[in-house]
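The values are calculated or read from the model by the stated rules, or taken from the named source; none is laboratory data. Since the model is a prediction, treat every value here as computed from it, not as a measurement. Here Cβ is always computed from backbone atoms with ideal geometry, including for glycine, and neighbour counts include all displayed protein chains. For the accessible areas, the whole protein counts, side chains as well, though only heavy atoms, and no ligand, DNA or RNA atoms are used. Shrake-Rupley method; radii C 1.70, N 1.55, O 1.52, S 1.80 Å.
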Amino acid sequence: MPENKVKKYFRLIEAWAWCDICDDMIALRINKEEIIDGLKMGIYMKEYKHSNQSPDVEDPDDVSGNEHTIYVYINDNYDITGVKAFFGESPTTEEIGAQTIQEGGEVRIPIVVKEIPPMAVQFGMLNKDQFKVLKICDGMNTIEQVASIAQMSVKDIEKMMEQLRKKGLVKVIKRT
Ligand SMILES: [Zn+2]
């Protein structure tokens, strides 16, 4: 899989995110202001609907000509930390777990149980990392993907999930 790329300018970034449905790079221009606003809420994710303009007509399995969506996660350094491609309104469990099935054949998906206000950080209920990670726990990322998007180790995320679970803020759903 080719690496995602970003060119950073004064007011905007140009991003090339890998869409594994198109099997191609998708070019996006995003205002930095939009990213900064998003990051105030912990994490920024660009949602981009598109369809492949030149699908492989010889290949009956190539469905990339149909409209689909990518989620592109971008960090405070304007780098891409994760991309997810899917058809429909949200990724299915199969799409979520496809690349990250554990050795035991189990996929762990953390989901936020309670809506968490940004003030939770100011009030010391959560630290900034916890707040950020909770934003990624939207039911569409496995533990491994959350770690990768947040740029933390799986071990640290597991530890954090245990703390947050005790606070009643997340539950971790297991699927085989
Ligand atoms: Zn695509």
(request) Enter the accessible area per residue of the chain (Å², integer; probe 1.4 Å; all protein chains in place). (result) 60 Å²
(message) Students often get this wrong: which residues of segment 14-37 have the backbone nitrogen under 15 Å from the point 7 angstrom along Cα-to-C-beta of Phe87?
(response) 20-23
(message) In 10 Å bins starting at zero, report the fraction of Cα pairs in segment 1-89 per bin as a rounded %.
(response) 17, 47, 28, 8, 1
(request) Kindly flag which residue pairs out of Lys7/Lys46; Lys5/Lys135; Lys132/Lys167; Lys132/Lys171; Lys114/Lys166; Lys46/Lys114 have an alpha-carbon separation exceeding 18 Å in this structure. (result) Lys5/Lys135; Lys46/Lys114
(message) Less than 17 Å from a label point 7 Å out along the Cα-to-Cβ axis of Lys167: which backbone N atoms in segment 130-156 qualify, by residue?
(response) 130-138, 156
(message) Charges at C-beta only: +1 for Lys and Arg, -1 for Asp and Glu. How large is the resulting dipole of the chain about its Cα centre, in Debye rounded to 20?
(response) 1360 debye
(request) Would you mind calculating the relative contact order of segment 1-89 from Cα pairs under 8 angstrom and at least 6 residues apart, reporting the percent as a whole number? (result) 26 percent
(message) So if I take the alpha carbon set of segment 107-176, get Rg, then get Rh from the Kirkwood formula, what is the Rg over Rh ratio?
(response) 0.94
(request) Springs between alpha-carbon atoms under 10 Å, Gaussian network over the chain: tell me which of Gly139, Gly88, Gly124 tops the mean-square fluctuations. (result) Gly124
(message) For the chain, what does the relative contact order come out to in percent, with C-alpha contacts under 8 Å and a separation of six or more?
(response) 18 percent
(request) Note the full-extension length gain between Asn66 and Lys8 as 0.36 nm times their separation in residues minus their Cα-Cα distance, in nm to one decimal. (result) 17.8 nm
(message) Using alpha carbons only, how many angstrom separate the centre of segment 7-42 from the centre of segment 116-176?
(response) 23 Å
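Carbon and sulfur together cover what percent of the accessible area of the chain at a 1.4 Å probe radius? Each step should come with its number before you reach the end.
On the way: 5050 of 10500 Å².
For the chain, the apolar C and S fraction of the accessible surface comes to 48 percent.
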(message) Counting pairwise Cα distances across the chain, what percent come out greater than 24 angstrom?
(response) 41 percent
